[in-house]
Amino acid sequence: MKIGFIGLGIMGSAMAENLLKAGFKVTVWNRSSEKCAPLIAKGAEAAASPRAVAELSDIVIAMMANSAAVQSVRDGADGIISGLKPGRGYVDMSTVDAETSKESAALAHEKGATFLEAPVAGSRKPAEDATLTIMAAGDRELYESSLPALEKMGKKILFLGETGNASRMKLANNLVMGGMLTALCEGMALAAGSGLDTAQFLEVLDSGAVSNPMFRLKGPQIAANNEFPAAFPLKHMQKDLRLALRLAEELGQPLFATATINELFKSALAEGLGDSDFAAIIRTINKQH
Ligand code: NAP
């Protein structure tokens, strides 16, 4: 099966590499073309445009920053849709809103192609280790035919029904993650501000009901408060909080804590922390006193 991969950021480059390792023929494209080089060195081919990738692939996968980025590789004369042929598949693994996915599905269907939205949970390391959770929704036949590729990127793969369901599931998941990370940082600030040992604070958390892998991974980084190289960029977390709030607005569902946490993340963006890991939110919390 010939796979196309568009969007070679933190996640996409690791996911495309796993497809190459698994023996798929992979054609790549990225806006900043230099990010193609490490994959070409490992056997990928580069194409001149998203359209060319789609023309050369049975299934084209995109892993983009946000809805604007999805549209920029999807639409127009050089976009994925222009290159899609009947019977081919378009899988969008970016975290976007349900409306963007539904638009992508409609455009793919107009070309006689199939569409699957497949956002992921798990960060840089799970992407490298092929242990992502993949939430898929859309055309069942494309889910079945892309499964051999999805299985090389993730360990848990769910089919959630119609297009839009995977986007909504992913936003609900990230709302929880943003809240947990914020709670960890506020607890850390309180413990440190009280003169407590932050290593012992993490030990206490880890031995009780709130123990979890994210606290174990991010806790020591937050306690050290040095550099925060991005595994999950803070700007993407704020995007997900914003999209979750927009969805809640449509449903009339109050999200009391998420609304406040979104304001915190907006402040962090204004402070220039967007390209840092989302754990850098501790910096904004520490500035509040
Ligand atoms: P990233 O490192 O910021 O990469 C974003 C990709 O989108 C890059 O290929 C970038 O191209 C491209 N892009 C951005 N704006 C564009 C535009 N206007 N036109 C064309 N291409 C554009 O992001 P990431 O961390 O890999 O995340 C990708 C997606 O997965 C996001 O939706 C994110 O929310 C989601 N996600 C991320 C994580 C994580 O832990 N990192 C985990 C789960 C889900 P350039 O290289 O040219 O900038």
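Relative to the 2.2 N^0.38 Å rule of thumb, the range 65-148 has a C-alpha radius of gyration ratio of 1.09.
Placing a label point 7 Å from the Cα of ALA224 along the Cα-to-Cβ direction, the residues of the range 261-289 whose backbone N falls under 16 Å from that point are 277-283. Here the range 168-287 yields Rg over Rh of 0.97, to two decimals, using C-alpha coordinates and the Kirkwood radius.
Let me have the relative contact order for the chain, percent, based on Cα pairs under 8 Å that are six or more residues apart.
Details: 530 pairs, mean separation 38.7, N = 289.
Result for the chain is 13 percent.
Simple spin-label estimate for LEU56 and PHE256 gives 5.5 nm between the two label positions (7 Å along the Cα-to-Cβ direction from each Cα).
Given springs between every Cα pair under 10 Å in a Gaussian network model of the chain, which of ARG140, ARG74, ARG216 has the largest fluctuation? Between ARG140, ARG74, ARG216, it is ARG216 that shows the largest mean-square fluctuation.
Taken about its Cα centre, the range 5-98 carries a charge dipole of about 180 debye when Lys and Arg each add +1 at the Cβ and Asp and Glu each add -1 at the Cβ.
Sorted by accessible area with a 1.4 angstrom probe, largest first, how do ARG31, ARG168, ARG242 fall? Don't jump to the answer; show the numbers that get you there.
Numbers: ARG31 205, ARG168 75, ARG242 105 Å².
From most accessible down to least: ARG31, ARG242, ARG168.
Determine how many Å³ per residue the convex hull of the Cα atoms of the range 137-229 encloses. Provide the component values of the computation, followed by the final result.
Working: hull volume 11.6 nm³, N = 93.
Hull volume normalised by residue count: 125 Å³.
Cα extents for the range 74-205 along the principal axes, largest to smallest and rounded to whole angstrom: 64, 27, 27.
About its Cα centre, the dipole of the chain is roughly 360 debye, where the only charges are +1 on Lys and Arg Cβ and -1 on Asp and Glu Cβ. For the chain, adding -39500 (n - 2.57) for each run of n ≥ 4 DSSP H residues and dividing by the number of residues yields -16500 deg cm²/dmol at 222 nm. Take the Cα radius of gyration of the range 2-162 and divide it by 2.2 N^0.38 Å, N being the number of residues; the result is 0.91. For the chain, the residue among ALA137, LEU202, GLY164 whose Cα projects farthest onto the positive side of the dipole built from Cβ charges is ALA137. With a simple spin-label model that places each label point 7 Å from the Cα along the Cα-to-Cβ direction, the separation between LEU217 and ALA77 comes to 4.3 nm. For LYS235, a cut-off of 17 angstrom between C-alpha atoms picks up these aspartates and glutamates, skipping any fewer than 8 places away in its own chain: ASP97, GLU227, GLU263, GLU271, ASP275, ASP277.
Taking the DSSP bridge list for the chain and keeping only pairs wholly inside it, about 15 percent are antiparallel.
For the set THR260, THR114, solvent exposure ranked by accessible area (probe 1.4 Å, protein chains only) runs largest to smallest as THR260, THR114.
Once the Kirkwood radius over Cα pairs is known for the range 5-51, the Stokes-Einstein relation at 4 °C and 1.567 mPa s delivers a diffusion coefficient of 127 µm²/s.
Taking every Cα-Cα distance in the chain and sorting them into 5 Å bins from zero, the calculated P(r) comes out as 1, 6, 12, 16, 17, 16, 12, 9, 6, 3, 2, 1, 0 percent.
Please give the residues of the range 58-93, grouped as numeric ranges, whose backbone N is less than 12 Å from a label point set 7 Å along the Cα-to-Cβ vector of ALA48. 78, by backbone N distance to the label point.
In this Cβ point-charge picture (+1 for Lys and Arg, -1 for Asp and Glu), the range 168-287 has a dipole of about 340 debye about its Cα centre.
Applying 1/(1 + (r/R0)^6) with R0 = 45 Å to the Cβ-Cβ distance of LYS155 and LEU196, what FRET efficiency is obtained, to the nearest 0.05? Spell out each step's value before the answer.
Details: r = 37 Å, r/R0 = 0.81.
With a Förster radius of 45 Å, E is 0.80.
For the range 210-220, the Karplus equation 6.51 cos²θ - 1.76 cosθ + 1.60, evaluated at θ = phi - 60°, returns couplings of 9, 4, 7, x, 5, 5, 5, 6, 8, x, x Hz by residue, with Gly and Pro reported as x. Computed FRET efficiency, Cβ-Cβ of VAL210 and GLU162, R0 35 Å: what is it to the nearest 0.05? It comes to 0.50.
Stick to the Cα atoms of the range 80-122, pair each with every other, and give me the Kirkwood hydrodynamic radius in Å at one decimal. Kindly include the intermediate steps, with their values, before the conclusion.
On the way: mean 1/r = 0.0951 Å⁻¹.
Computed over Cα pairs of the range 80-122, the Kirkwood hydrodynamic radius comes out at 10.5 Å.
Find the lysine pairs in the range 21-142 meeting two conditions, Cα atoms under 21 Å apart and a separation of 8 or more places or different chains, and report how many there are. Taking the Cα cut-off of 21 Å, the pair count is 11. For ILE261, the solvent-accessible surface computed with a 1.4 Å probe is close to 30 Å², ligands and nucleic acids excluded.
The values are calculated or read from the model by the stated rules, or taken from the named source; none is laboratory data. Bear in mind that the values here come from a model prediction, so they are computed numbers and not experimental data. Cβ: placed from backbone, ideal geometry, glycine included. Neighbour counts: every protein chain shown. The area values use the complete protein model at the heavy-atom level, side chains included, leaving out ligands, DNA and RNA. Shrake-Rupley method; radii C 1.70, N 1.55, O 1.52, S 1.80 Å.
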